[in-house]
Amino acid sequence: MIRASARDQAFCPYSDRQRLGAERLGTQFAGAKVVGTCGCGCPSIYFAHNAKVGGVEVVAEAAIDGTDDAVLLFVNSGGDLHSMEYMWVSDSPPSEFPDVSALKAQSR
Ligand SMILES: [Zn+2]
């Protein structure tokens, strides 16, 4: 079992994990509940999740076409959706997320 698992990982170091991650995130999005927004005026949103402790990490990132901005998706330490945040470089925050057609996914 261990040997087979190691061989599989050697042939496919990322794609299975990324695919499983995308499927899991997709399932979570379907049941996601927004419980908060950022107070600065940007459109960042926070989802209900179960984590009691631990930090968050970026699991997906999309550049916004024609800008130096990006949309980031965070999960908590348990792998549950935590937030979708808008990262911008201009002086004032954007008021809404861009149309999905402006997003260019970047691998993480
Ligand atoms: Zn904000």
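Among the residues of the stretch 98-108, what is the count of those that are away from the ligand (no atom under 16 Å from the Cβ) and surrounded by 16 or more Cβ atoms within 10 Å (Cβ to Cβ)?
Residues flagged as away from the ligand (no atom under 16 Å from the Cβ) and surrounded by 16 or more Cβ atoms within 10 Å (Cβ to Cβ) within the stretch 98-108 amount to 1.
Do we find that Ala60 is closer than 19 Å to Lys104 by Cβ, out of contact with any Leu (no Cβ under 8 Å at 6 or more places or on another chain) and crowded, with 18+ Cβ neighbours inside 10 Å in this structure?
Values: closer than 19 Å to Lys104 by Cβ: yes; out of contact with any Leu (no Cβ under 8 Å at 6 or more places or on another chain): no; crowded, with 18+ Cβ neighbours inside 10 Å: yes.
So Ala60 fails the test.
Show the residue pairs that are 6+ apart or on different chains and have beta-carbon atoms under 6 Å apart, the first residue being within the stretch 31-43 and within 27 Å of Ser90 (Cα to Cα), the second being within 8 Å of the ligand (Cβ to nearest atom) and in a loop (DSSP other than H, G, I, E, B).
Hits for this filter: Cys38/Ser44; Cys40/Pro93; Gly41/Pro93; Cys42/Pro93.
Looking only at the stretch 29-50, how many residues end up being away from the ligand (no atom under 15 Å from the Cβ) and of a type in the set (A, V, I, L, M)?
Residues in the stretch 29-50 being away from the ligand (no atom under 15 Å from the Cβ) and of a type in the set (A, V, I, L, M): 4 in total.
Every residue in the stretch 68-97 that is more than 16 Å from the ligand (Cβ to nearest atom) and surrounded by fewer than 16 Cβ atoms within 10 Å (Cβ to Cβ), please.
Asp68, Ser77, Gly78, Gly79 - these are the residues of the stretch 68-97 that are more than 16 Å from the ligand (Cβ to nearest atom) and surrounded by fewer than 16 Cβ atoms within 10 Å (Cβ to Cβ).
Restricting to the stretch 62-104, name every residue that is free of Cβ contacts under 8 Å to residues at least 40 places away in the same chain, among the acidic types (Asp, Glu) and within 16 Å of Pro43 (Cα to Cα).
The answer is Asp69, Asp91, Asp99.
Every number in this text was worked out from the coordinates using simple rules, so none of it is lab data. Owing to the predicted nature of the structure, the values given are computational and were not obtained by experimental measurement. Every residue, glycine among them, receives a Cβ derived from its backbone with ideal geometry; neighbour counts consider all protein chains shown.
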